[in-house]
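Some notes on the structure that comes next.
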Amino acid sequence: MSLLEVKDLSVSYGGIRAVRDVSLRVEQGEIVALLGSNGAGKTTTLRAISGLVPYSGSVIFGGKDLRKCSPDEIVRLGLGHAPEGRRVFARMSVRENLELGAYTVRSKAEVGDRLAFVVSKFPRLEERLNQLAGTLSGGEQQMLAIGRALMSSPRLLMLDEPSLGLAPIVVQTIFGVIKDINERGTTVLLVEQNARQALRIANRGYVLETGSMRFEDTGAALLENPAVAEAYLGTTVSS
């Protein structure tokens, strides 16, 4: 059984169908990329999986039907989510933001261990633990958003546009951390506007178009797919 299995997922906002009959799976230990243009339904798909929007269809995580779970229960099951737009708590310190990510953990020692792990991945956060999150740069806030999600020690981490609007050197740091935490055992479902970068590290990928699934293949195959290259990578592939 897959770690995450989504079948026939549909989400509507009012009379508008944002996601239509989307099915995907994520196996233990994979990095899976979910790609598509703006408005394709990528963020809505992640929000549905996290229990943040109502949907039809099924979402099974670790063998459990998530339709019966509240968002906080989903986090407790081991599904972490770093949302689009970072959404840090601006008037709280970096440390407080990170500790909020471990709200399901009762042991102070365990929280401390997780905090040490996160700042080992993002040393810049360690330098700013007592600084208000709202005063951080965009790249630092993205590191904080990912770090906060990691504080729950998720089995599967969903990342929504982690490189959006960041300088190239920060993007390389973010992708380096994604690869590292995956190699340490965390499964990753990655929504990313930098499609080429995402497919280079992904085991497999899916491409959404206007709310429906258009392509599914390995990351390497999608990089070489002429239609994907032209629409999402800004290049053409010679036949």
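The values are calculated or read from the model by the stated rules, or taken from the named source; none is laboratory data. Note that the structure is a prediction, hence the values are computed from the model and not measured. Note that each Cβ is placed from the backbone with ideal geometry, even for glycine, and that neighbours are counted across all protein chains shown. Ligands, DNA and RNA are excluded from the accessible area calculation, which covers all protein heavy atoms including side chains. Shrake-Rupley method; radii C 1.70, N 1.55, O 1.52, S 1.80 Å.
Considering LEU144, LEU156, which residue is surrounded by 22 or more Cβ atoms within 10 Å (Cβ to Cβ) and in contact (Cβ under 8 Å) with a residue 60 or more places away in the chain?
Going through LEU144, LEU156 in turn, just one is surrounded by 22 or more Cβ atoms within 10 Å (Cβ to Cβ) and in contact (Cβ under 8 Å) with a residue 60 or more places away in the chain: LEU156.
Give me a count of the residues in the range 102-141 that are of a type in the set (Phe, Trp, Tyr) and open to solvent by less than 10 Å² (accessible area, probe 1.4 Å). Total satisfying the criteria: 1. Taken together, SER12, SER107 contain a single residue that is within 23 Å of THR210 (Cβ to Cβ), of a type in the set (S, T, N, Q) and without any contact (Cβ under 8 Å) to a residue 40 or more places away in the chain, which is SER12. I want to confirm something. Restricting to the range 48-66 and keeping residues that are over 17 Å from the mean Cα position of the chain (by Cα) and within 16 Å of SER12 (Cβ to Cβ), which single residue is most open to solvent (accessible area, probe 1.4 Å)? Selected residue: PRO54. Look at (1) part of a strand (DSSP E or B); (2) under 18 Å from VAL191 (Cα atoms) and you find that THR44 fails only one, number (1).
Scan the range 88-107 and tell me whether some residue there is within 21 Å of the chain's Cα centre (by Cα) and within 18 Å of THR43 (Cβ to Cβ). Yes, there is a match, as at least one residue in the range 88-107 is within 21 Å of the chain's Cα centre (by Cα) and within 18 Å of THR43 (Cβ to Cβ). Pull out all pairs, ordered by first then second residue, where Cβ-Cβ is under 8 Å, the residues are six or more apart or on different chains, the first lies in the range 195-220 and is in contact (Cβ under 8 Å) with a residue 12 or more places away in the chain and over 16 Å from THR45 (Cα atoms), and the second is open to solvent by 60 Å² or more (accessible area, probe 1.4 Å) and hydrophobic (A, V, I, L, M, F, W, C). From residues that are in contact (Cβ under 8 Å) with a residue 12 or more places away in the chain and over 16 Å from THR45 (Cα atoms), the pairs are LEU199/ALA220. For the range 47-81, a residue qualifies if it is closer than 17 Å to ARG17 by Cβ and not basic (Lys, Arg), and the qualifying residues are ALA48, VAL53, PRO54, TYR55, SER56, GLY57.
For the range 67-80, the candidate set comprises residues that are open to solvent by less than 50 Å² (accessible area, probe 1.4 Å) and in contact with a Lys or Arg (Cβ under 8 Å, 6 or more places away or on another chain); within that set, the residue that is nearest to ILE146 (Cα to Cα) is LEU79.
Hey, any hits in the range 24-36 for a residue that's aliphatic (A, V, I, L, M) and either farther than 20 Å from GLY205 by Cβ or part of a loop (DSSP other than H, G, I, E, B) (or both)? No: the range 24-36 contains no residue that is aliphatic (A, V, I, L, M) and either farther than 20 Å from GLY205 by Cβ or part of a loop (DSSP other than H, G, I, E, B) (or both).
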